[in-house]
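Below is one structure, written out as structure tokens; comments come after it.
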Amino acid sequence: MKRIYSVFMLFFLYTTISSEAYFKFVDFGWNTLFTLPTESAGKEKSLFSTAGLKLVFENFEARGYSTLPKTTFDELKSQPFLDNLEKPRYGAALTLFKDYAPVTIKAGSLSFSRSFAKLRNPAPSSVANPLTLSFGFSPGLGAVLPSLSSTVQPLSVFASCSFTGEEVPVGLSVEGFMNEDSVAAFSTSAKVPLSRFVSFSAAFTGAKFYIENKSPVLKKANADFDPDWLYAGLAELSFRSPFFKLNLYTGVHQSPYENNSVWVRTDARTGIGPFSLGLSYFVVPTVAKSPKVAPLIGGSSSVCHVIEQGAINPQLMFLFHDENSSVLRVGCHLIESWKVTANKQAVQLQTLKIRNGIAYENNFWTVRADWALVNYLLAGNPPNKSSIPEKYYDHSLTASLSTSSVYARLKGSYSYYPPYDSKSKNKQVFSVQGIVSPDSQRRIFIQGGWSMSMKDSERTSGVVSSGITFKFRRKYVHSSIKCAFEIPY
């Protein structure tokens, strides 16, 4: 694999030099976080830092980053600085034939998302956003070069080719990758425009994963299995029109047990006037054919405990035809889930999450309020204390101001965890976060935050944070430098 990667890197450099690709800019990034706890916090002083460069040409891009993970000051003194660094992250991307049939080749410490992420973990998102506006359909492998915030990934080689344009009646795309661990995936998609505002899309993704038992629960429940290479496939369909949108997903996973696992997901959104409605449903129909503790094992080797989930998201939007383009949005997002407990005594639990939101926006101001009930147990008997869903109530208020001379954003939140029996304690979490940029060109950002956790009116933890970010942008040189401090108390 490393030999293949070296060949691709040499090909990148040769093509870049010989194609007279002109230089666009260099981007330097550096983030540093100092943790300076008080004596009562019981923690040590530590440093986290990550830095790197990005070189961008017309058809070529190269990146390299290095990270010092959170390391105590004593550890920094006791050994050479370089010994503390993580494995460097680097990568490059080359685009050819932009005007005809764009071909993109990427190599390095790549991250993958979209369809590939669904095969790694088929469980739908449990994030409830009552005022969401997006309804995306993004098939493919989602190959991304490393960044300041990315983690170390196996070396990979990725290639894609697409056919789009007025001369092509059907938009086609083909992608594939393989990494140094021999994990591989292939994806192809097609988009058919039925009219100016109506389209139909279809995609298929297949992948090969090395599945191993990472859960001690499976061993205790006599559901252990030997590591092996297994395959998974995902078919995706999408319909788009001005009044109705629909996404359909069907995944099949080769199982380490006797029967393969299947999951199905449907997302839909429609709207009439100021009203819109979003619906979502996910189910694992093969759950009865698998061990109760392992209804489905994804490509990440982790058990997918969600076996059924439904969601509904009604919204209202009111437009005020004033000089500031004011908008008022109100919404509710309800998610009902059936999950299998992650312990030897596999029991199905039904939980509910409700989040409501209201937001007012105009050209300068945004004010938003959210309140939620999370992990309310509807049905099922948890077999032990650790499997009881942690119910809590969440409240947040966000306000932001954006003008030609200043940008500011402030968010406060409060969460309350009631006791689940007479012996437990109630828990409260408070937090405030703010950011301001007094510079009209948005070159300086000042950040600050505070959070505290309490149990029965006694503080258990707390953090005060602050930071400043400098951004520099010229024709050929870009940079972003951030220095932050946090004080646990």
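Brief remarks on what is shown
- Residue tally, condition more than 19 Å from Ile435 (Cα to Cα) and touching a Phe, Trp or Tyr at 6+ places or on another chain (Cβ under 6 Å), over region 458-488: 4
- Of the strands (runs of 3 or more DSSP E) entirely within region 190-273, those holding at least 2 residues that are of a type in the set (Gly, Ala, Ser) occupy 199-211, 228-240, 261-272.
- For the condition among the small types (Gly, Ala, Ser), farther than 26 Å from Ser386 by Cα and in a strand (DSSP E or B), Gly462 does not qualify.
- Region 438-489: number of residues that are among the polar types (S, T, N, Q), within 23 Å of Ser400 (Cα to Cα) and in contact (Cβ under 8 Å) with a residue 60 or more places away in the chain: 1
- Of the candidates Ser290, Ser238, Ser302, the single residue that is under 28 Å from Leu349 (Cβ atoms), buried (at least 18 other Cβ atoms within 10 Å of the Cβ) and among the polar types (S, T, N, Q) is Ser290.
- Restricting region 87-137 to residues that are small (Gly, Ala, Ser), open to solvent by 10 Å² or more (accessible area, probe 1.4 Å) and assigned to a strand (DSSP E or B), the residue that is nearest to Lys339 (Cα to Cα) is Ser111.
- Test for Thr50: is it of a type in the set (S, T, N, Q), within 30 Å of Val168 (Cα to Cα) and modelled with pLDDT of 95 or more: no
- Within region 12-42, the set of residues being loosely packed, with under 15 Cβ neighbours inside 10 Å and either of a type in the set (Val, Ile, Thr) or modelled with pLDDT under 55 (or both) comprises Ile17, Ser18, Ser19, Glu20, Val26, Thr38.
- Residues (among the small types (Gly, Ala, Ser) and either in a strand (DSSP E or B) or open to solvent by 40 Å² or more (accessible area, probe 1.4 Å) (or both)) located in region 402-427: Ser402, Ser404, Ser405, Ala408, Gly412, Ser413, Ser415, Ser422
- Test: residue in region 157-167 that is buried (at least 19 other Cβ atoms within 10 Å of the Cβ), in a strand (DSSP E or B) and free of Cβ contacts under 8 Å to residues at least 60 places away in the same chain: yes
- Total residues in region 381-399 satisfying the condition of being small (Gly, Ala, Ser) and modelled with pLDDT under 95: the figure is 2.
The values are calculated or read from the model by the stated rules, or taken from the named source; none is laboratory data. Keep in mind that what you see is a predicted model, and the values were worked out from it rather than measured. Note: ideal-geometry Cβ built from the backbone for every residue, glycine included; neighbour counts use all protein chains shown. Each accessible area value is taken on the protein alone, full model and side chains, heavy atoms only, with ligands, DNA and RNA left out. Shrake-Rupley method; radii C 1.70, N 1.55, O 1.52, S 1.80 Å.
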